[in-house]
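Student: First the structure, which I've put down as structure tokens, then a few questions once you've had a look.
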Amino acid sequence: MSGGRFSHLLRVLWQAVLVSGSKLWEVPTAPLGFSSNHTTSLEWEPQCQYRHLQDGVRITADIPPKLEGNWVSTRCEVRPGPEFLTRSYTFYPSHLFKALQHYYTDSGCEDPTYSLVVRGKLRLRQASWITRGATETEHHLHKVGIVIHSQGAMHRPAARLPSVCVGLTLGGMVPGHLYELYNAQAGRACLGALGFSMMELGLVRVETQHKPHGGLVQELFFGDVHTDWTKRTYYRPTGYQQPLQNAMHHIHPCPACALVFRASEQRPPVLPHIPASAPPSLHGRWVSQRCEARPAVLFLTRDFTFRPDEHSWEGFYHHYSDPSCSQPTFTLQASGHYAQGDPSAKVAGGTEFVFKVTRVSVTILEGATARVLNETRPGSCGKVGGWEVGVEQDVTPTDGCTVLGIKLPHKEYELFKTEMDYRRRPLLFIGERPTDGSSPDRPQKRPTSYQAPMVHCGEEDTPTSYLHTNQLKLAASGAKNLPWQPSFVLVLVSLLLLWYDGGTVHSV
């Protein structure tokens with residue numbers, strides 16, 4: 001099936017089943033619990049499995065989102081490649097925007113090479129048909145300029161620029177001087193040579209964390225950047241990259257926030273030096289800090305336990321139909337072994353690992369999904385006819401589950417990194433999944449960037465989330481009585497994407 005016809009099929013599914021209105025800002029997934037011009041919210045409980053729910057934090061998301069203001073990086077960001085950068089984006093009431101992207105040679109963002117200054121216009125269009133809770137936009141670039149920060153830093157970007165780029169040759173570029181790469185009257189040749197794209201602006205979401213004592217933290221999510229360099233300039237995102245935070249409402253303390261906010265294209269931020277850490281210690285339990293979104297309409301939380309003395313691991317992947325992770329659809333429990341390798345030669349601070357998945361069990365939390373699995377070909381996905389809502393089934397005897405994209409046994413080549421957050425809690429960064437849904441099953445496909453960090457659970461944390469347990473019970477009791485649940489369409493779309501991309505279950 002061609003990409004265009006496949007995208008059309010997804011839109012038809014949404015329109016035929018989920019849409020119940022014609023207003024531009026009526027959220028397409030209204031039957032699932034969202035309404036037009038409405039602020040969605042979720043009360044979080046202080047449990048380890050949901051550390052993003054800690055301290056009774058209430059999270060809201062406005063649709064349509066309010067973008068006005070300045071938004072900044074909270075740490076040195078790592079994009080596929082790898083690329084190391086910080087971002088500072090400013091949006092004005094007139095729909096105009098200015099985006100600063102500062103690029104570095106190192107993973108600590110201490111040695112800047114060049115900065116890009118991007119000016120243009122951004123207009124909100126409609127609630128996303130594909131990524132629930134997101135908003136689609138339309139952007140137009142007016143000007144893009146580049147500033148080189150040192151003689152030594154010129155070689156990398158200048159080597160990519162063709163000679164037609166307004167005389168920007170290696171010998172002609174002066175550090176600190178702004179050179180124009182693009183304007184509305186010129187072509188895009190210089191941007192393409194740098195692998196530059198602002199396609200991330202095509203998908204946005206703004207979340208506000210309401211702290212118990214009245215404080216706010218606002219986060220701006222833009223679309224994900226394709227893990228394949230050759231596709232990033234035309235890829236339309238369906239997931240998110242790491243969020244920016246509002247310069248007036250960000251986490252405290254945040255040394256990077258102030259530095260990025262005060263920077264300019266001529267004076268890029270230089271982040272504080274972080275001493276090189278020892279190889280990551282994975283011992284113990286690590287959990288998601290937030291509801292995570294991945295390309296291909298996936299919302300999930302992760303819960304991993306590592307036992308270094310046995311070189312074994314176990315992971316729970318809780319999948320949901322909504323961006324608040326409040327409506328569970330199914331859970332995967334996977335386990336296996338791992339081997340730690342050498343420090344990464346591509347991504348400084350990262351360590352190479354090899355993971356093997358040897359066992360997977362699945363718990364279906366929707367009646368419609370159970371019925372689909374009960375109609376699969378014998379021997380392809382557990383015991384045919386044995387799928388029941390809320391009942392776990394081991395799919396290891398059938399070498400996985402073809403319909404869910406699970407293949408056993410399975411090996412993946414991974415990238416890990418650990419560091420401390422602003423509250424001195426250990427964080428675990430695991431390699432970013434390939435955007436096309438495939439698996440890093442060869443050394444050449446090892447990630448060069450990271451997913452959202454997971455946080456380590458302390459001794460005081462409760463092993464099971466009361467909130468999550470009640471959600472499972474509710475799903476198990478209520479789904480049996482519904483002949484058709486709209487949230488099942490999200491699972492169906494996910495399965496279509498798995499079939500289309502040829503995906504397999506991921507170990508991490």
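Student: Tell me which strands (runs of 3 or more DSSP E) are completely within the stretch 275-344 and hold 3 or more residues being closer than 20 Å to Cys381 by Cβ and open to solvent by 20 Å² or more (accessible area, probe 1.4 Å), or say none if there are none.
Tutor: Working: elements: 284-288, 292-294, 298-307, 312-320, 328-343.
Those strands (runs of 3 or more DSSP E) span 328-343.
Student: What number of residues in the stretch 97-120 are open to solvent by 60 Å² or more (accessible area, probe 1.4 Å) and either closer than 11 Å to Pro268 by Cα or assigned to a strand (DSSP E or B) (or both)?
Tutor: 3
Student: Check Gln266, Gln242 and return the single one that is modelled with pLDDT of 90 or more, more than 30 Å from Lys445 (Cα to Cα), in a loop (DSSP other than H, G, I, E, B) and touching a strand residue (DSSP E or B) at 6+ places or on another chain (Cβ under 7 Å).
Tutor: Unique residue meeting the criteria: Gln266.
Student: Also, quick follow-up: Taking the stretch 386-440 as the region of interest, how many residues are farther than 20 Å from Phe304 by Cα and hydrophobic (A, V, I, L, M, F, W, C)?
Tutor: So the count comes out to 6.
Student: Being of a type in the set (S, T, N, Q) and in a strand (DSSP E or B): is that true of Thr363 here?
Tutor: Considered against the rule, which asks whether it is of a type in the set (S, T, N, Q) and in a strand (DSSP E or B), Thr363 comes out as yes.
Student: Name the residues in the stretch 390-418 that are touching a residue at least 24 places away in the same chain (Cβ under 8 Å) and open to solvent by 50 Å² or more (accessible area, probe 1.4 Å), would you?
Tutor: Those that are touching a residue at least 24 places away in the same chain (Cβ under 8 Å) and open to solvent by 50 Å² or more (accessible area, probe 1.4 Å): Val391, Glu392, Asp394, Thr402, Lys407, Pro409, Lys411.
Student: Can you tell me which residues in the stretch 352-389 are open to solvent by 10 Å² or more (accessible area, probe 1.4 Å) and of a type in the set (Val, Ile, Thr)?
Tutor: Val354, Thr358, Thr363, Val372, Thr376, Val384, Val389, listed by residue number.
The values are calculated or read from the model by the stated rules, or taken from the named source; none is laboratory data. Fair warning: this is a prediction, and the values are worked out from it, not measured in the lab. We place every Cβ from the backbone using ideal geometry, glycine too, and count neighbours over all the protein chains shown. Calculation scope for accessible area: heavy atoms of the full protein, side chains included, ligands and nucleic acids excluded. Shrake-Rupley method; radii C 1.70, N 1.55, O 1.52, S 1.80 Å.
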